[in-house]
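Notes for the one structure printed next.
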Amino acid sequence: MSEYSFVKGHGTENDFVLVPDAQGRHELTPEQVVRLCDRRAGIGADGVIRVVRTDATDDPAAVAARGEATWFMDYRNADGSVSEMCGNGIRVLGRFLATHADVDPRDPLPVATRGGVKVLTFADGRHDGDVTVDMGTPELLGDTEIGIGERSWPAVHVSMGNPHAVAFVDDLADAGPLTEAPRHDAATYPDGVNVELVVRRGEHHVAMRVHERGSGETRSCGTGACAVVVAAARADEAPRGTAYAVDLPGGTLSITWTEDDRVLMTGPAVLVAEGLTAL
Ligand SMILES: N[C@H](CCC[C@H](N)C(=O)O)C(=O)O
């Protein structure tokens, strides 16, 4: 077993183990990711983020982003599966780079992901404030349905680079404990899906729960909150540029679907510990 340095962080209590790997020497196996995420036998997290230079990995998304982004976010879910994008995680990655690498928080920070290059900006150019992520253009892909226990709800299929099914419910408690993946159409979601349940709290104000593909119910999901706002803004016929407040069990995110069809997500990012771990 070799030792790796790690940093533990979270964004609205969606938590991650970051593995700094600038030179691309620590490609992680699914088994290693599962061990890192184990909340008893490991450090514990909803996912793992390997932070690697785009010129130090042959991941196609990183190779395609060379010249545009120095850093690549290699995101894995707690079950070891790979995901295209992680909204809370990329804010935590930004915080790490602004405090541990030679990244100047006064400048926009492009980061390569499997869902394309995302640009981060730091509030007031400070390394310790909220982080805004340009999450790119959402895709509204039609209507679908999800099922939990005896119940089912219509849902909206939204992609933020990763797949989401957004269901408006009367009460977030209606679904009970989200102990297993909600039923969904396998043809629509051949690689699984992140499922969001949402209620309205006021004008341009919603609250949600999420069952994440590969991680189970989490306290927050950044891409999920973006998918929720796209579905809600369309249903509300809200003017583009309207900021929505999204309450999650782990905190609140501010999300805007802009006039040029991009989604901006703003929220906190907290580093809570760093150390060494055997893998
Ligand atoms: N927690 C992440 C989402 C991870 C999505 C992952 N579960 C997937 O398989 O797409 C976020 O803040 O966006």
*What is the residue count in region 60-99 for residues that are within 14 Å of the ligand (Cβ to nearest atom), open to solvent by 20 Å² or more (accessible area, probe 1.4 Å) and assigned to a loop (DSSP other than H, G, I, E, B)?*
4
*Unmet criterion (only one of (1) free of Cβ contacts under 8 Å to residues at least 60 places away in the same chain; (2) open to solvent by 40 Å² or more (accessible area, probe 1.4 Å); (3) in contact with a helix residue (DSSP H, G or I) (Cβ under 6 Å, 6 or more places away or on another chain)) for Ala112*: (2)
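Any idea which residue in region 161-177 is farthest from the chain's Cα centre (by Cα), counting only those that are open to solvent by less than 10 Å² (accessible area, probe 1.4 Å) and among the aliphatic types (A, V, I, L, M)?
Here is the first cut: in region 161-177, the ones open to solvent by less than 10 Å² (accessible area, probe 1.4 Å) are 162, 164-167.
Cutting the leftovers down to among the aliphatic types (A, V, I, L, M) gives us 165-167.
On the way: Ala165: 15, Val166: 15, Ala167: 18 Å.
Among them, the one singled out is Ala167.
With hydrophobic (A, V, I, L, M, F, W, C) and either in contact with a helix residue (DSSP H, G or I) (Cβ under 8 Å, 6 or more places away or on another chain) or without any contact (Cβ under 8 Å) to a residue 60 or more places away in the chain (or both) as the only criterion, which of Val230, Val193 stands out?
Answer to the selection: Val193.
If you check Glu145 against the conditions, is it away from the ligand (no atom under 16 Å from the Cβ), more than 22 Å from Ile255 (Cβ to Cβ) and touching a residue at least 40 places away in the same chain (Cβ under 8 Å)? Outline the logic, then answer.
Working: away from the ligand (no atom under 16 Å from the Cβ): yes; more than 22 Å from Ile255 (Cβ to Cβ): yes; touching a residue at least 40 places away in the same chain (Cβ under 8 Å): yes.
For Glu145, the condition - away from the ligand (no atom under 16 Å from the Cβ), more than 22 Å from Ile255 (Cβ to Cβ) and touching a residue at least 40 places away in the same chain (Cβ under 8 Å) - is met.
Could you check region 14-38 and list, in sequence order, the residues that are part of a loop (DSSP other than H, G, I, E, B), touching a Lys or Arg at 6+ places or on another chain (Cβ under 9 Å) and closer than 19 Å to Ser83 by Cα? Even if it seems obvious, please write down each step before you answer.
As a first pass, look at region 14-38 and keep what is part of a loop (DSSP other than H, G, I, E, B): 21-29, 38.
Filter again for touching a Lys or Arg at 6+ places or on another chain (Cβ under 9 Å), leaving 21-24, 26-28.
Of everything in region 14-38, those that are part of a loop (DSSP other than H, G, I, E, B), touching a Lys or Arg at 6+ places or on another chain (Cβ under 9 Å) and closer than 19 Å to Ser83 by Cα turn out to be Asp21, Gly24, His26, Glu27, Leu28.
Going by what's in this entry, would Ala155 be described as away from the ligand (no atom under 14 Å from the Cβ) and either open to solvent by less than 10 Å² (accessible area, probe 1.4 Å) or assigned by TED's automatic domain parsing to the domain that holds Asp107 (or both)? Outline the logic, then answer.
Working: away from the ligand (no atom under 14 Å from the Cβ): yes; either open to solvent by less than 10 Å² (accessible area, probe 1.4 Å) or assigned by TED's automatic domain parsing to the domain that holds Asp107 (or both): yes.
Yes; evaluated as a whole, the condition is true for this residue.
Looking only at region 183-235, count every residue that is open to solvent by less than 40 Å² (accessible area, probe 1.4 Å), more than 14 Å from the ligand (Cβ to nearest atom) and assigned to a loop (DSSP other than H, G, I, E, B) and tell me the total.
To start, the set of residues in region 183-235 that are open to solvent by less than 40 Å² (accessible area, probe 1.4 Å) comprises 189, 192-199, 202, 206-216, 218, 220-233.
Applying the additional criterion that residues be more than 14 Å from the ligand (Cβ to nearest atom) yields 197-199, 202, 206-207, 231-233.
Subsequent filtering for residues that are assigned to a loop (DSSP other than H, G, I, E, B) retains none.
Residues in region 183-235 being open to solvent by less than 40 Å² (accessible area, probe 1.4 Å), more than 14 Å from the ligand (Cβ to nearest atom) and assigned to a loop (DSSP other than H, G, I, E, B): 0 in total.
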*Of the conditions (1) open to solvent by 20 Å² or more (accessible area, probe 1.4 Å); (2) in contact with a Phe, Trp or Tyr (Cβ under 9 Å, 6 or more places away or on another chain); (3) more than 14 Å from the ligand (Cβ to nearest atom), Thr29 fails just one. Which one is it?*
(2)
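The values are calculated or read from the model by the stated rules, or taken from the named source; none is laboratory data. In this text, all values refer to a predicted model and were calculated from it rather than measured experimentally. So basically every Cβ, Gly included, is an ideal-geometry build from the backbone, and we count neighbours across all protein chains shown. Side chains are part of the model used for accessible areas, which takes the heavy atoms of the whole protein and leaves out ligands, DNA and RNA. Shrake-Rupley method; radii C 1.70, N 1.55, O 1.52, S 1.80 Å.
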